[in-house]
Every structure is written in structure tokens, then in C-alpha cells.
1. Residues Val156, Val99, Val74, Val121: which one is modelled with pLDDT under 55 and in a loop (DSSP other than H, G, I, E, B)?
2. Go through (1) under 29 Å from Val99 (Cα atoms); (2) at pLDDT 75 or above; (3) surrounded by 14 or more Cβ atoms within 10 Å (Cβ to Cβ) for Asp56 and report which single condition fails.
3. Which numbered condition in (1) of a type in the set (A, V, I, L, M); (2) at pLDDT 85 or above; (3) assigned to a strand (DSSP E or B) is the only one that Leu179 fails?
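The values are calculated or read from the model by the stated rules, or taken from the named source; none is laboratory data. The structure displayed is predicted, hence computed values, not measured ones. Note: ideal-geometry Cβ built from the backbone for every residue, glycine included; neighbour counts use all protein chains shown.
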Amino acid sequence: MKVGIVVLASAFTLIQAQQCPCLLKPNGDCLAYDSRFMAMNLEEAIVSFPDLLWTDPPNPVDVQNPGPSSSHCVTEECVACQQDIRRRLTEIGLAHFNVPKRSNTRCTRYHFSNYNYRGNVEDSEDSDDSHSESWEERNLQKHHFIKPRYAERNFVGTRFNISCVRKGNIIGEEGLISLCSSCWAWRTLPSNYIPQILNELICDTHDDACLSGMCKLQISYAKCKEGVRDLEVIRNDSGVLTTVLLTSGTYCECRATVILLLKFLFFKSIPHIFLPFCRE
């Protein structure tokens, strides 16, 4: 990844701005990018990428240190969050950081920081989150590195799941419930692309059903589908620079056809037969 950045650095200049960094191309045009969703390297991503599983992620991620180019922390929580994300990136194989033992300071920036991984804290059988925690840990162990479940338009790079939330769980302070299982993922692009890392929210490839009922019969009334945004990046083909449009996952929503919706309403009308979500 670092090699690609060095190669491309001679072709254009990076201009840093607090909210919207800009890639200055040889012709003088400025290709602006949002540092919440795109980063030049891992260090910038660590500082600037919010956890997209939250319904209203903070912007900037660290209000005490809003710049996208500095990893200097001025609070204990910032230090704890930096350690948590570096530890997670190492666990999923995206990077290799030597991270000290987890501190007692809680990081509220990331969804996965609220869960107990690998026995760091004993799980409570009476906890409302115990099922969600065990499912997320089990799910992430199966597929840190993931491929698109279908041939996405213009898909380039490799995705790594950082954290997932299962359908039926509360995902924000407003008490909203997720209808789909979704994952926060970082996508690394080939070394001749810049920016190099994308911040995405995608549907869980192992659980694409929503509005489930009658678990034993495996009836599903709708499917979870990803919404995407178009992002401009620059590709270097042997010194020739080209602006490329890539699609990036931005949300996961529940979609139902008319026929499936009618089936859903029919079964819901029968007493004691409808279950809102299937639990494993």
C-alpha cells in the first residue's frame, strides 16, 4: 500500500483541508474527497473513519482532534479508541500493529468496543446483549475477509469486516431496530489507486433475509439489499492517470416485492404464527 502512495505522489499533490482534502492533479483540477469515507492510508483512516453502524456517527470522529492527518490524542478515550481500532485491524488481518493491553477506559466511538471479545470480560447470561455479542464474535470469526456476494458494478479491491450488527438489535440512542444484519467494512484498493481505503456499510453476506417469520419453515418475506454511492478515485496505469468511478456500500435496507409483502401480511394475520425475527 505504501508503495502505491509513493508512486502516485509524483503525479499530483495532496492538499489537506479539515473537512474535504483535495487531490491536485497535473492539469490543476482538484479532486475533493470526504475523509469520512475515503483515506490515503491506514493512519488517516484510523483517525477519520467513523463507525457507520451508528445511525448518527460523530463528525468529526474526534471533536478534540478533528484533523484527518494527525493521530495525536489529547484524551484518554481517544487513546483507548486508537488502541481498539488498531487491535481490531490486526485481528482481521488488515494490518499488523503492536498494541498494548486494553486500558480500563471505555471507547464509545466504535460499536465493537461495546462487546466482549475473546474472554476479556466475562459474559453475563442475564445480559440482553449476550446473544448479540456471541453472534457477532462467531460471525466475524467466519468471515473477516469477504468477497461481494454478487458481481457488483465496478467492484475493485478487498473488503474486511470490522464489526457487524444483527437484525432485531437496537442500533442507536433513538431506540431504532435494525431490520437487516449489516457490517461496517473497510475496503483496500490496489496499490495504483488513490485514495487507498474506502469506508463502507454493507449487508451481511451470511444473513440477507429480513422481516423473518416462521423460522422452522424458513419463510422470508423480504431481502436485504445494499445502497451504494459513487466515489471518484484516481488510477495510475503506467504513469497515465485516469479518474475512475467506483461504487461504495453506504446502507443496508429491507426490500420486499408485492407478492412477498402479501404473504407477510397473510401470515401476520394468523394468531400465534408470526415471529418478528428468527433467532439462532
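1. Among Val156, Val99, Val74, Val121, only Val121 is modelled with pLDDT under 55 and in a loop (DSSP other than H, G, I, E, B).
2. If we test Asp56 against (1) under 29 Å from Val99 (Cα atoms); (2) at pLDDT 75 or above; (3) surrounded by 14 or more Cβ atoms within 10 Å (Cβ to Cβ), just (3) comes out false.
3. (3)
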